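The values are calculated or read from the model by the stated rules, or taken from the named source; none is laboratory data. Please read all numbers here as calculations on a predicted model, not as lab measurements. Neighbour counts run over all protein chains shown; Cβ positions are idealised from the backbone, glycine included.
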Amino acid sequence: MEKSHLFIRESSGLIKQVNFLDVIMLNIGNMSAGLALFTSITPYVQPGSNLLIATLIGFLFALPQAYIYTYFVTKIPRTGGDYVWISRILNGGIGTVMALSLMIESLAYFALTAFFASSAIQTVFSEIGTLNSNHGLVNMGNILTQPIYSFILGFVIFAIIIAINIVRAKWGYSLISILGIVSLSTTIIAMGIILANTSDFVTRSSEIISALGGSVASYSGPSFSWAATLFMLPFLALYTFPWMQAGPAIAAEIKGKNSLKYNVFISLILTFIIVIAGYGVMYYAGGYNFVTAQYINNGFIFTFWTAAIGLASNEVLQWIIGIGLIAWEVFILAYGAIVFSRYIFAMAFDRVLPSILTNVTKNGSPIFTHLLDLFATGFFLGVIVFIGSQNALALYGATVLGALYFLVVSIAGIVHGIKNNVIKLIPIGVITAGYFSYLTYVSATNPDFGFVNSNGAPNPITLAFVIGTLVFSTAVFIASYVYNKKRGVDLNMIYKEIPPE
């Protein structure tokens, strides 16, 4: 078969219109720094945990991974990013099964994010309403957390994001940049408010905790423990730093070599600064003992964001910070809409998925992948309502698929380094492979990540979802391979070539 006939067409149809700011913000949304300062990490703090040291270690271990991603995104800048690298370096079947599994896991994550966006809104409404004796605002926040309203709110927000991306791809990226600027700006403002209130931080934070229904706790644990600090590392490693594949996934649309070369490292460094500064100002203002005690005992009430809202001197500032927290939630959904569509597009371009998913509008939007995303996310939102939000939390346990995926990317780096005599990639790949092997083990054995229950037995919902995802992805590849073979197309030949831009 001629090379020109291997792929769906000779050009992807996507447009190079993503500038440096767009791709940086896309990556920052992928790493979700703002939510690391909310309730994804601090509720799991242990006596002796030092989040500054854990963050630094997590950042240092992310640097080798960033090198691998930077190397490949400059060598093979194609839509689908690491899916293309894995499928060309290791095996097409491995690349497809892992990438499709990651996308299914991502759909569940995006649905959970959309559903629980109401939780962030409820936090903002409830705290501002409580602090300002506005019972109507408190009641509105409580109403929004009811399942049916969470479903409607989440679906409407995501549908608007999808619609913007369908109308014009550039608008989707502009939305990312706007949300990123708002999120980062309000985070900096929140840090400034906390630092401006160091003299009475403990007193006022205690009042905030009590007003929100918590009980102020005292601390009697150690000032530092390596074991407790390293216990926190996987939370940062699995929820924040490794998620650097967003920029590489849209590589074919990025303008300028410098944007390709530097986007991963700059995004990683900025994320590190945001997270460590957020934890740092809390320790500085409240002291290690007070802050740690509240994280342990009031982790879902006392956070960087709720502290900043409570310390704000007036209601306008409270709303600015509250909008910042909500913006981080929407930011994640906005980046997800883009990244999911590009992975699916890449697999369809390789003929693994239906060719209709490669259709692109004149404005550069892969319309049918976006519609698939909307339908699938809506389906998962419905599942959350059907099985109950508490049971749906088990889907977070599918994070094990993410750790496993990055392990496979690391192995691809090692293999490429050996085959092409790229010496640096070999030890760097070995380090990242070892690291993600450890993270895969932790995510599969630590009950806090949801894959197993406290008794060590796998959560049946999570286990069924993970196994079902892998089996489904494998079946899709096999069915596609057989279907294409009957039509005279050998997928193995496709995976020997780099797809066109």
Just need a number here: residues in the stretch 292-333 that are crowded, with 21+ Cβ neighbours inside 10 Å, aromatic (Phe, Trp, Tyr) and under 21 Å from Leu195 (Cβ atoms).
5
Within the stretch 452-473, can one find any residue that is touching a Lys or Arg at 6+ places or on another chain (Cβ under 9 Å) and either without any contact (Cβ under 8 Å) to a residue 60 or more places away in the chain or more than 30 Å from Ala62 (Cα to Cα) (or both)?
no
Scan the stretch 290-308 residue by residue and report those that are part of a helix (DSSP H, G or I), in contact with a Phe, Trp or Tyr (Cβ under 9 Å, 6 or more places away or on another chain) and of a type outside the set (S, T, N, Q).
Phe290, Val291, Ala293, Tyr295, Ile296, Phe304, Trp305, Ala307
For Ile296, indicate whether it is touching a residue at least 12 places away in the same chain (Cβ under 8 Å), under 21 Å from the mean Cα position of the chain (by Cα) and at negative phi.
no
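Residue-by-condition table, conditions (1) hydroxyl-bearing (Ser, Thr, Tyr); (2) surrounded by fewer than 21 Cβ atoms within 10 Å (Cβ to Cβ); (3) touching a helix residue (DSSP H, G or I) at 6+ places or on another chain (Cβ under 6 Å); (4) more than 20 Å from Thr79 (Cβ to Cβ):
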| site | (1), (2), (3), (4) |
| --- | --- |
| Ser365 | yes, no, yes, no |
| Thr399 | yes, no, yes, yes |
| Asn446 | no, yes, no, yes |
| Ser454 | yes, yes, yes, yes |
Given the conditions (1) more than 23 Å from Gly221 (Cβ to Cβ); (2) modelled with pLDDT of 95 or more; (3) out of contact with any Gly (no Cβ under 9 Å at 6 or more places or on another chain), report the number of the one that Ser313 does not fulfil.
(2)
Checklist (1) surrounded by fewer than 18 Cβ atoms within 10 Å (Cβ to Cβ); (2) assigned to a helix (DSSP H, G or I) applied to Ile276, failing item
(1)
Being farther than 28 Å from Glu501 by Cα and surrounded by fewer than 23 Cβ atoms within 10 Å (Cβ to Cβ) narrows it down to one residue among Ser437, Ser355; which is it?
Ser437
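Determine, yes or no, whether Thr203 is surrounded by 20 or more Cβ atoms within 10 Å (Cβ to Cβ), out of contact with any Lys or Arg (no Cβ under 7 Å at 6 or more places or on another chain), among the polar types (S, T, N, Q) and at pLDDT 95 or above.
No; evaluated as a whole, the condition is false for this residue.
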I'd like the full set of residues that are within 10 Å of Val400 (Cβ to Cβ) and either of a type in the set (Lys, Arg) or without any contact (Cβ under 8 Å) to a residue 40 or more places away in the chain (or both), limited to the stretch 428-450.
Tyr441, Thr445
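Restricting attention to the stretch 440-452, which residues are at negative phi and at pLDDT below 90?
Passing the criteria: Asp448, Phe449.
For (1) of a type in the set (D, E, K, R); (2) more than 19 Å from Glu329 (Cα to Cα); (3) buried (at least 18 other Cβ atoms within 10 Å of the Cβ), each residue gets a yes or a no:
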{"residue": "Ile128", "(1), (2), (3)": "no, no, yes"}
{"residue": "Asn132", "(1), (2), (3)": "no, yes, no"}
{"residue": "His135", "(1), (2), (3)": "no, yes, no"}
{"residue": "Asn139", "(1), (2), (3)": "no, yes, no"}
{"residue": "Ala159", "(1), (2), (3)": "no, no, no"}
{"residue": "Ile164", "(1), (2), (3)": "no, no, yes"}
{"residue": "Arg168", "(1), (2), (3)": "yes, yes, no"}
Filter pass, Ser106 being part of a helix (DSSP H, G or I), closer than 20 Å to Phe304 by Cα and not aliphatic (A, V, I, L, M)
no
Whether any residue in the stretch 275-282 is among the hydroxyl-bearing types (Ser, Thr, Tyr), closer than 30 Å to Gly129 by Cβ and without any contact (Cβ under 8 Å) to a residue 12 or more places away in the chain is what I want to check.
no
Scan the stretch 341-365 for residues that are in contact with a strand residue (DSSP E or B) (Cβ under 9 Å, 6 or more places away or on another chain) and at pLDDT 95 or above and jot them down.
Arg342, Tyr343, Phe345, Ala346
